[in-house]
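See structure below.
The values are calculated or read from the model by the stated rules, or taken from the named source; none is laboratory data. Everything quoted here is computed from the prediction, not taken from an experiment. No Cβ is skipped: glycine too gets one built from the backbone with ideal geometry, and neighbour counts run over all protein chains shown. Just so you know, the surface numbers come from the protein's heavy atoms only, side chains and all, with ligands and any DNA or RNA stripped out. Shrake-Rupley method; radii C 1.70, N 1.55, O 1.52, S 1.80 Å.
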Amino acid sequence: MRIQEVMGKTGLSRRTIHYYIDQKLIIPPVNEGNGYHDFTEEDVQKLFIIRKLREAGLSLADIRAILRKPRTTPFYLHKQMNELQTQMLTIQKTISEMDRLSGQLPVCQSLDQLAGMLEDTNFSPDELPQFQMESRDARLLAQYLWMAYLDTPVTEYQQFLWQKIMQQTMEHARTDLKMMSRYLQSISPERIDATNINQYLRNQKIIALTGADYPTFVEELKTSLLAFASDPVQQEKWSLLYQPLIHPIAVFCVSVSGWMREFHPAYRRYYENTHTCCRMLKDFMDSPEGALLNAALNKAFNGNCDVRTGYYGELEVAATFHKSIYALLSPEQIREFLAGVEG
């Protein structure tokens, strides 16, 4: 169909449609005979989605990620709700302070008087309503952590399990998971999407493992961990993020793994295969043959790796660290992020 018909169906202007084409949100082919774009029903559907999500204030980067992977929609909606909530509270506080200030200064006599009143005025909210923000943080975290396992038809029992997972996430959102929710909001959608793809492919590989594949996969883990142990930049990032992000997430995932294994059979295979292969790796590291690897990793981790709880998933995190969401920022950027959150 031609652009005039698309304009009628989507309510978008010609200029806006061409802008979205320039941004490659849609890629309609060009008719070689007349040089015009030929739009499909799929293009019209995407333009409708773009218009609606733009009305909700989502950025083009977030929308692009949604168009690539529709299952990520809840993650980006929760991200936008957090942003809007912060803006709303700031606006409400600003209006309240301006109303108070204007009532006290019906006639401003001098700049000294104005400066004195402004000194006691704060236009930014001191605190956000904890329950609302924790609820949204919990949904944001849950959607990110288990995005790959939310593509299945949900039974009544699975809804019950998901509620349990969300309740547990909510309880931790105000404490040990708070830093991770802030971290996710500081990363661009494009970079989150890239790490999602890497993690999805890795998950699929682990899910497909059979007992016969375990030795080969363990050898791959050894190679990856040796590479980690020889990369001081990755070790510095790990050291900075281990206590505030990596370890709390690992411990939390273990705490809800029972419900997740019931919620999705693919997660059960992922969990069991990861646990088995990392346990085999740890057994090797504790043997005389694995002494060199064990020494290299002990030096690289410098105490920042917990394999004492019976679940060795942090070894898998370290093996894929260079492609993970934790490695997206430079050490300097990580320090700035941590200082900003703590401040």
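Annotations
- Of LEU226, LEU201, all but one fail to be under 23 Å from ARG68 (Cβ atoms) and at pLDDT 85 or above; the exception is LEU201.
- Subset tally (residues that are within 28 Å of LEU145 (Cα to Cα) and touching a residue at least 60 places away in the same chain (Cβ under 8 Å)) for the stretch 261-298: 14
- Selection from the stretch 200-212 of residues that are surrounded by 14 or more Cβ atoms within 10 Å (Cβ to Cβ) and without any contact (Cβ under 8 Å) to a residue 40 or more places away in the chain: LYS205
- Across the stretch 38-80, the number of residues qualifying as touching a Gly at 6+ places or on another chain (Cβ under 7 Å), more than 23 Å from GLN143 (Cβ to Cβ) and either modelled with pLDDT under 85 or open to solvent by less than 30 Å² (accessible area, probe 1.4 Å) (or both) comes to 0.
- Flag for LYS222 being exposed (fewer than 15 other Cβ atoms within 10 Å of the Cβ) and assigned to a helix (DSSP H, G or I): no
- Leading residue by the ranking (most open to solvent (accessible area, probe 1.4 Å)) among those in the stretch 226-279 that are among the aliphatic types (A, V, I, L, M), farther than 17 Å from MET166 by Cα and within 19 Å of the chain's Cα centre (by Cα): LEU240
- Yes/no for LEU245 being under 23 Å from TRP146 (Cβ atoms) and either aliphatic (A, V, I, L, M) or at pLDDT 95 or above (or both): yes
Here is a yes/no grid of residues against (1) at pLDDT 80 or above; (2) part of a helix (DSSP H, G or I); (3) on the phi < 0 side of the Ramachandran plot; (4) within 17 Å of the chain's Cα centre (by Cα):
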| residue | (1), (2), (3), (4) |
| --- | --- |
| ALA115 | no, yes, yes, no |
| SER124 | no, no, yes, no |
| ARG139 | no, yes, yes, yes |
| MET166 | yes, yes, yes, yes |
| GLU171 | yes, yes, yes, no |
| ASP176 | yes, no, yes, yes |
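- Residue check, GLU97 free of Cβ contacts under 8 Å to residues at least 40 places away in the same chain and open to solvent by 30 Å² or more (accessible area, probe 1.4 Å): no
- GLN159 satisfies every condition listed in (1) surrounded by fewer than 19 Cβ atoms within 10 Å (Cβ to Cβ); (2) within 17 Å of the chain's Cα centre (by Cα) except (2).
- Of all the criteria given as (1) open to solvent by 70 Å² or more (accessible area, probe 1.4 Å); (2) modelled with pLDDT under 85; (3) outside any helix (DSSP H, G or I), the one not satisfied by GLY35 is (1).
- Near pairs, Cβ below 6 angstrom, 6+ apart or cross-chain, from the stretch 213-242 (basic (Lys, Arg)) to any residue that is open to solvent by less than 60 Å² (accessible area, probe 1.4 Å): LYS237/ALA327; LYS237/PRO331
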